[in-house]
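The values are calculated or read from the model by the stated rules, or taken from the named source; none is laboratory data. Keep in mind it's a predicted model, so treat the numbers as computed, not measured. Methodologically, a virtual Cβ is constructed for each residue, glycine included, from the backbone with ideal geometry; neighbour enumeration extends over all protein chains shown.
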Amino acid sequence: MPTSQNPYILSSILRNIGFYCGFIILNLTIFIISPPLYLILRTACKHSSGQAVRRIIWIYGRMWIILASFFIKIKIDTKKAEDYSSPSIILVNHQSFFDAFCMGALPIYDIVFLVRSWPFRIPFYGHYMRQAKYINSENMSCEEFVCEAKEKLNQGVSIIIFPEGTRSKNGQLGRFYSGAFKLAMESKLPIVPVCIDGSGKFLPKGKLLITANSISIRKLPTIDSIEFEKFGQRAHIELRKNVKKMFIKELEQSFRHYEPTLYVQTCSPRETQ
């Protein structure tokens, strides 16, 4: 092995040891402080049970960002709480397991995620997700999702959706599914796009070791869904295409994390239906 590679390998080993030791300590800390913090939020802040748990999860995300910032550069531009409608439909591209943790960078905390069934089976996390009233999308039709999501929105709770449905393996945007856009059209609420870049290099899908790659988290301009009503039955399709173009444009400006040719993709034939 070339001697020049030794410092890089050593720094990578130390980085991973340091990060995951900190990650274990973070989880133990949140496990210990959650019960008293829950009681404080319920009594002093008059939060509902679900709202208190959602705020604890948001605090956990903030703490994760602080932890990660000791090992990598994290650039955050998520604006202020006033820049988000109440409630909001927040769409986020998906590159890494840690994308959900990055949502601690948002200035609002009363949020539920749309997730598949497997995260609910993760020890520790699954319990918190159930208590926070996250939406389990597994085996749920689009109509059932829209109905349940509208109930959450009517309660004033914002929703985070990964429109690709799964993590990207290489940073390339996948197909955007229709559910989020049908929800926006039916609820007449704006879409708030949040673009994450670099997390797929920080922890690639299927990998366990982190790298020194930086992460950026940026709120893109809010899109008013009402403006797309003029398209009639194709309203959600045109809205979906518009939102995806915004993500592509934003990621093109950060192509340093991946090969530039990965971002020339436009909507696939399936996305015109």
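Can you pull out every residue in region 115-131 that is within 16 Å of the chain's Cα centre (by Cα) and aliphatic (A, V, I, L, M)?
Selection gives Val115, Met129.
Would you say Leu106 is farther than 23 Å from Ser49 by Cβ and modelled with pLDDT of 95 or more?
Values: farther than 23 Å from Ser49 by Cβ: no; modelled with pLDDT of 95 or more: yes.
It is false that Leu106 is farther than 23 Å from Ser49 by Cβ and modelled with pLDDT of 95 or more.
Given the options Lys80, Lys133, name the one that is farther than 29 Å from Gly18 by Cβ and touching a Gly at 6+ places or on another chain (Cβ under 9 Å). Talk me through it step by step, then tell me what you get.
On the way: Lys80 fails: touching a Gly at 6+ places or on another chain (Cβ under 9 Å).
Going through Lys80, Lys133 in turn, just one is farther than 29 Å from Gly18 by Cβ and touching a Gly at 6+ places or on another chain (Cβ under 9 Å): Lys133.
Quick grid of which residues meet (1) at pLDDT below 95; (2) surrounded by fewer than 18 Cβ atoms within 10 Å (Cβ to Cβ); (3) outside any helix (DSSP H, G or I):
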residue	(1), (2), (3)
Cys195	no, no, yes
Gly200	yes, no, no
Thr211	yes, yes, yes
Phe228	no, no, no
Gln233	yes, yes, no
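Out of all the residues in region 245-268, is one or more part of a helix (DSSP H, G or I), in contact with a His (Cβ under 9 Å, 6 or more places away or on another chain), crowded, with 16+ Cβ neighbours inside 10 Å and modelled with pLDDT of 95 or more? Walk me through how you get there before you give the answer.
First pass over region 245-268, keeping only residues part of a helix (DSSP H, G or I): 245-252, 255-257, 260-263.
Checking which are in contact with a His (Cβ under 9 Å, 6 or more places away or on another chain) leaves us with 251.
Narrowing the set further to residues that are crowded, with 16+ Cβ neighbours inside 10 Å leaves 251.
Filter once more, so that each one left must be modelled with pLDDT of 95 or more: none.
No, every residue in region 245-268 fails to be part of a helix (DSSP H, G or I), in contact with a His (Cβ under 9 Å, 6 or more places away or on another chain), crowded, with 16+ Cβ neighbours inside 10 Å and modelled with pLDDT of 95 or more.
Could you grab the pairs with beta carbons closer than 8 Å, sequence gap of 6+ or different chains, first residue in region 209-223 and in contact (Cβ under 8 Å) with a residue 40 or more places away in the chain and within 17 Å of Ala100 (Cβ to Cβ), second one part of a loop (DSSP other than H, G, I, E, B) and of a type outside the set (A, V, I, L, M, F, W, C)?
Pairs that qualify, where the first residue is in contact (Cβ under 8 Å) with a residue 40 or more places away in the chain and within 17 Å of Ala100 (Cβ to Cβ) and the partner is part of a loop (DSSP other than H, G, I, E, B) and of a type outside the set (A, V, I, L, M, F, W, C), are Ile215/Lys73; Ile215/Gly198; Ser216/Gly198; Ser216/Ser254; Ile217/Thr78; Arg218/Thr78; Lys219/Thr78; Lys219/Lys79.
Go through region 46-82 and report how many residues are exposed (fewer than 15 other Cβ atoms within 10 Å of the Cβ) and either in a helix (DSSP H, G or I) or on the phi < 0 side of the Ramachandran plot (or both).
11
Can Arg62 be described as without any contact (Cβ under 8 Å) to a residue 40 or more places away in the chain and either within 30 Å of Phe145 (Cα to Cα) or charged (D, E, K, R) (or both)?
On the way: without any contact (Cβ under 8 Å) to a residue 40 or more places away in the chain: no; either within 30 Å of Phe145 (Cα to Cα) or charged (D, E, K, R) (or both): yes.
So Arg62 fails the test.
What's the number of the only condition in (1) assigned to a helix (DSSP H, G or I); (2) over 21 Å from Arg218 (Cα atoms) that Met103 fails to meet?
(2)
Against the condition in a loop (DSSP other than H, G, I, E, B), without any contact (Cβ under 8 Å) to a residue 60 or more places away in the chain and not β-branched (Val, Ile, Thr), how does Pro87 come out, does it pass?
On the way: in a loop (DSSP other than H, G, I, E, B): yes; without any contact (Cβ under 8 Å) to a residue 60 or more places away in the chain: no; not β-branched (Val, Ile, Thr): yes.
So Pro87 does not fit the description; no.
For region 124-135, check the following and say yes or no: at least one residue is touching a Pro at 6+ places or on another chain (Cβ under 9 Å), modelled with pLDDT of 95 or more and under 21 Å from Ser216 (Cα atoms).
No, the conditions are met nowhere in region 124-135.
Would it be correct to say that Ala81 is out of contact with any helix residue (DSSP H, G or I) (no Cβ under 6 Å at 6 or more places or on another chain), aliphatic (A, V, I, L, M) and closer than 30 Å to Arg15 by Cβ?
Values: out of contact with any helix residue (DSSP H, G or I) (no Cβ under 6 Å at 6 or more places or on another chain): yes; aliphatic (A, V, I, L, M): yes; closer than 30 Å to Arg15 by Cβ: no.
When the stated conditions are applied, Ala81 does not pass them.
Quick check: is even one residue across region 36-45 surrounded by 12 or more Cβ atoms within 10 Å (Cβ to Cβ) and not in a helix (DSSP H, G or I)?
no
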